[in-house]
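Have a look at the structure below before the remarks.
The values are calculated or read from the model by the stated rules, or taken from the named source; none is laboratory data. Source: prediction; values computed, not measured. Every residue, glycine as well, gets a Cβ built from its backbone with ideal geometry; the counts of neighbours run over all protein chains shown.
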Amino acid sequence: MSNKLTYQITKGIIKENPVLRLVLGTCPTLAITTAASNAIGMGVAATIVLICSNAVISMLRKFIPDKVRIPAYITIIAGFVSIVQMLVKAFAPELNSTLGIYLPLIVVNCIILGRAEMFASKNKVLPSVLDGLGMGIGFTAALLCMSIIRELFGNGTIFSIPILSNFIDPILIFILPPGGFFVFGILVAIANKLSDNKDNSQKNSCAGCPRGKSCSIVSDKEGTCNV
Amino acid sequence: MFKALAACFLASILTENYILNRFLGICPFLGVSKKLNTAMGMSSAVTFVMVLATAVTWPIYTYLLLPNKLEYLQTVVFILIIATLVQLVETILKKYIPSLYNSLGIYLPLITTNCAVLGVTMLVIEKGSIDPSFGYINSLVNAFGAGIGFLVAMAIFAGVRQRLEKCNIPKTLQGLPITLIAASLVAVSFLGFQGLIDGLLA
């Protein structure tokens with residue numbers, strides 16, 4: 001039993017890493033990873049929302065009618081996002097200004113809706129909470145990994161501590177938008193290489209999608225759906 | 001006045017491009033940009049919903065939430081308005097303009113959770129709170145420009161991807177990684193527009 005519960009946490013960190021393996025939540029991944037401290041802030045905020053919304057959705061899974069489940073989930077998630085937003089505004093105003101618009105946009109982060117649909121709506125409260133925790137840690141780890149690369153090369157620092165800036169000139173483009181796409185592309189390629197079955201990632205990204213079954217884009221075979 | 005609106009419109013297409021500079025709406029950008037016609041269908045649907053959503057959320061925020069000190073409800077209210085609006089547009093199109101529904105319809109359900117739509121409605125509110133002269137008309141123009149910027153980026157990228165398909169790509173980079181690297185190169189080209197707007201309309 002405890003093995004199973006541990007698995008719920010660990011699977012999100014490597015095997016089903018939401019960012020690198022399931023390719024969910026790309027927008028915040030690209031946008032806020034210009035500095036490692038942002039990544040931690042974003043990761044923690046998203047993890048809190050993920051745990052709370054997973055817990056509540058799992059508690060209510062027998063009461064939410066199937067037809068209106070997506071709006072119901074969105075409302076629950078939006079409620080928790082508002083709470084987190086107010087807490088960040090009150091206790092970490094600096095973080096609030098650096099994350100800016102991306103903090104309220106956690107609402108439409110597909111990781112959270114995807115986990116609600118895929119896991120919390122079918123499982124008991126405790127596994128759902130652990131799943132949320134694991135996915136949150138996986139999300140934070142991926143953000144941190146990416147932001148360390150971008151901050152180190154783009155600014156010569158990690159967590160604002162100068163590392164490379166005494167030896168080489170910072171490669172500014174890593175911090176600019178194109179660098180985000182580039183580093184993310186390389187990281188996904190590395191994750192694919194390490195896990196060695198790259199078809200999996202695309203299959204999973206649809207499975208994690210709340211609209212997996214009804215999505216007409218996928219049924220038309222128009223491409224990988226990362227909506 | 002006109003000059004300011006034109007600057008706002010051009011800026012939201014070129015220098016503040018929602019996909020390539022702000023990273024909003026990356027998912028449809030990577031997901032449905034394989035063919036030009038689906039890319040255009042998706043982005044026209046997004047433009048339509050963006051303008052409509054801004055047209056509805058701006059007055060609600062300014063005249064309902066702000067005077068009653070309910071700004072903290074912004075996230076909840078906006079996402080619900082967008083979800084309802086998308087549903088409403090879908091129903092109306094299906095009933096009265098079936099031809100348009102057939103071309104845009106399949107993309108509409110995907111737009112509810114598109115962060116570009118929620119992003120634009122929130123960003124215009126933020127801009128308005130910094131600069132009081134940024135009113136309703138400016139917000140609508142900004143939303144329309146953001147939609148057109150989305151369309152431009154999607155169209156360019158669809159062309160790039162069609163070429164990529166004929167290329168011989170290393171196995172590890174196939175699929176998503178090479179798409180992201182191509183997107184990075186497109187984003188580099190958009191960096192070239194930096195400072196253009198100020199120079200053009202100064």
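If you check A:128, A:147 for being within 14 Å of another protein chain (Cβ to nearest Cβ), within 30 Å of residue A:9 (Cα to Cα) and touching a residue at least 24 places away in the same chain (Cβ under 8 Å), only one passes: A:147.
Please specify each residue of the range A:124-140 satisfying the condition of being more than 16 Å from residue A:40 (Cα to Cα) and buried (at least 18 other Cβ atoms within 10 Å of the Cβ). Hits for the range A:124-140 are A:127, A:128, A:129, A:130, A:131, A:132.
On the stretch given as the range B:142-197, residues that are more than 10 Å from every other protein chain (Cβ to nearest Cβ), in a helix (DSSP H, G or I), of a type outside the set (Gly, Ala, Ser) and in contact (Cβ under 8 Å) with a residue 24 or more places away in the chain total 13. In the range A:158-185, which residues are without any contact (Cβ under 8 Å) to a residue 60 or more places away in the chain and away from every other protein chain (no Cβ under 14 Å)? Passing the criteria: A:161, A:162, A:163, A:164, A:165, A:166, A:167, A:168, A:169, A:170. The residues of the range A:71-96 that are more than 8 Å from every other protein chain (Cβ to nearest Cβ), buried (at least 16 other Cβ atoms within 10 Å of the Cβ) and under 20 Å from the mean Cα position of the chain (by Cα), listed by number, are A:73, A:76, A:77, A:80, A:84, A:88, A:95, A:96. Of the residues in the range A:97-120, how many are touching a Ser or Thr at 6+ places or on another chain (Cβ under 9 Å), away from every other protein chain (no Cβ under 12 Å), surrounded by 21 or more Cβ atoms within 10 Å (Cβ to Cβ) and more than 17 Å from residue A:13 (Cα to Cα)? Summing the residues that are touching a Ser or Thr at 6+ places or on another chain (Cβ under 9 Å), away from every other protein chain (no Cβ under 12 Å), surrounded by 21 or more Cβ atoms within 10 Å (Cβ to Cβ) and more than 17 Å from residue A:13 (Cα to Cα) in the range A:97-120 gives 1. Being among the aliphatic types (A, V, I, L, M) and facing another protein chain (nearest Cβ under 9 Å) is the filter here, so list the residues in the range B:21-47 that pass it. If the condition is that a residue be among the aliphatic types (A, V, I, L, M) and facing another protein chain (nearest Cβ under 9 Å), then B:24, B:26, B:30, B:32, B:42 are the ones that fit. With respect to the conditions (1) under 29 Å from residue A:185 (Cα atoms); (2) under 20 Å from the mean Cα position of the chain (by Cα), residue B:163 lacks only one, and its number is (2). Among the residues of the range B:160-185, the one identified as at pLDDT 90 or above and of a type outside the set (A, V, I, L, M) is B:184. For the range B:75-129, taking the residues that are under 24 Å from residue A:30 (Cβ atoms) and polar (S, T, N, Q), the one that is farthest from the other protein chains (Cβ to nearest Cβ) is identified as B:121. Could you list all residues from the range B:1-40 that are surrounded by fewer than 16 Cβ atoms within 10 Å (Cβ to Cβ) and not in a helix (DSSP H, G or I)? Scanning the range B:1-40 gives B:1, B:35. In the set (1) free of Cβ contacts under 8 Å to residues at least 12 places away in the same chain; (2) within 13 Å of chain A (Cβ to nearest Cβ), residue B:18 fails one condition alone, (1). Per the listing B:86, B:51, B:76, B:46, the residue uniquely buried (at least 16 other Cβ atoms within 10 Å of the Cβ) and farther than 30 Å from residue B:156 by Cβ is B:76.
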